[in-house]
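> To start, I am sharing the structure in question, which I have written as structure tokens.
The values are calculated or read from the model by the stated rules, or taken from the named source; none is laboratory data. In this text the structure is predicted, and so the values were computed from the model without any measurement. Cβ placement follows ideal geometry from the backbone for every residue including glycine, while neighbour counts extend to all protein chains displayed. Heads up: the accessible areas ignore ligands, DNA and RNA and are worked out on the full protein's heavy atoms, side chains in. Shrake-Rupley method; radii C 1.70, N 1.55, O 1.52, S 1.80 Å.
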Amino acid sequence: MIARIWRTGLDESRAEEYDAFAADRSMPMLRRQRGLRAVFFVRTEHGRAAITLWQDLAAAEALTTSKDYLDTVEAIKAAGFLRPPQSVELLPVDQAWLAPDLI
């Protein structure tokens with residue numbers, strides 16, 4: 001399993017717009033990707049992050065060539081509420097546990 005962590009700065013005066021975009025556009029797009037196992041949108045000290053869990057490295061890397069993903073990236077850039085810095089990190093998951101009541 002691979003964890004992909006995307007971090008971004010955010011114009012906090014437009015945080016509600018970002019949150020709506022994440023719920024209405026980003027979440028559905030991510031859920032359509034093959035190999036996605038989980039997605040979390042979280043708040044950070046200076047913005048937001050999306051933590052996704054993928055079946056394997058190939059699935060995580062395939063995201064970046066998905067037309068659906070690329071269209072969503074263009075739309076979020078055009079919206080103008082993201083700020084630097086932005087980063088993406090892929091990390092192998094060595095061990096994991098999920099509470100049974102969350103399954």
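> Hey, among the residues in region 18-36 that are under 28 Å from A96 (Cβ atoms) and either of a type in the set (A, V, I, L, M) or modelled with pLDDT under 95 (or both), which one's surrounded by the fewest Cβ atoms within 10 Å (Cβ to Cβ)?
Looking at the filtered set, the residue picked out is A23.
> Hey, does region 64-83 have a residue that's surrounded by 13 or more Cβ atoms within 10 Å (Cβ to Cβ), part of a strand (DSSP E or B) and at pLDDT 95 or above?
Yes: region 64-83 contains one or more residues that are surrounded by 13 or more Cβ atoms within 10 Å (Cβ to Cβ), part of a strand (DSSP E or B) and at pLDDT 95 or above.
> Can you say whether I2 is in contact (Cβ under 8 Å) with a residue 60 or more places away in the chain and either within 20 Å of F81 (Cα to Cα) or open to solvent by less than 30 Å² (accessible area, probe 1.4 Å) (or both), as far as the supplied structure shows? Step through it out loud before you land on a result.
Numbers: in contact (Cβ under 8 Å) with a residue 60 or more places away in the chain: yes; either within 20 Å of F81 (Cα to Cα) or open to solvent by less than 30 Å² (accessible area, probe 1.4 Å) (or both): yes.
Yes: the conditions hold for I2.
> Restrict the check to region 47-59 and report whether at least one residue is in contact with a strand residue (DSSP E or B) (Cβ under 8 Å, 6 or more places away or on another chain), under 12 Å from R7 (Cα atoms) and open to solvent by 30 Å² or more (accessible area, probe 1.4 Å). It would help to see each step written out before you state the result.
As a first pass, look at region 47-59 and keep what is in contact with a strand residue (DSSP E or B) (Cβ under 8 Å, 6 or more places away or on another chain): 47-57, 59.
In the following step, the residues that additionally are under 12 Å from R7 (Cα atoms) were identified as 47-52.
Then drop every residue that is not open to solvent by 30 Å² or more (accessible area, probe 1.4 Å), which leaves 51.
Yes; the residues of region 47-59 include at least one that is in contact with a strand residue (DSSP E or B) (Cβ under 8 Å, 6 or more places away or on another chain), under 12 Å from R7 (Cα atoms) and open to solvent by 30 Å² or more (accessible area, probe 1.4 Å).
> Here's something else I'd like to know. Take the conditions more than 20 Å from L70 (Cα to Cα), assigned to a helix (DSSP H, G or I) and open to solvent by less than 30 Å² (accessible area, probe 1.4 Å) and apply them to A15. Does it pass? Give the derivation first.
Values: more than 20 Å from L70 (Cα to Cα): yes; assigned to a helix (DSSP H, G or I): yes; open to solvent by less than 30 Å² (accessible area, probe 1.4 Å): yes.
Here the answer is yes, as A15 does meet what is asked.
> When you scan region 84-103, how many residues do you find that are among the polar types (S, T, N, Q) and either on the phi > 0 side of the Ramachandran plot or open to solvent by less than 60 Å² (accessible area, probe 1.4 Å) (or both)? Outline the logic, then answer.
Taking region 84-103 first, the residues among the polar types (S, T, N, Q) are 86-87, 95.
In the following step, the residues that additionally are either on the phi > 0 side of the Ramachandran plot or open to solvent by less than 60 Å² (accessible area, probe 1.4 Å) (or both) were identified as 87.
So the count comes out to 1.
> Please enumerate the residues belonging to region 5-55 that are touching a residue at least 40 places away in the same chain (Cβ under 8 Å), of a type in the set (S, T, Y) and within 27 Å of P92 (Cβ to Cβ).
T8, S26, T52, listed by residue number.
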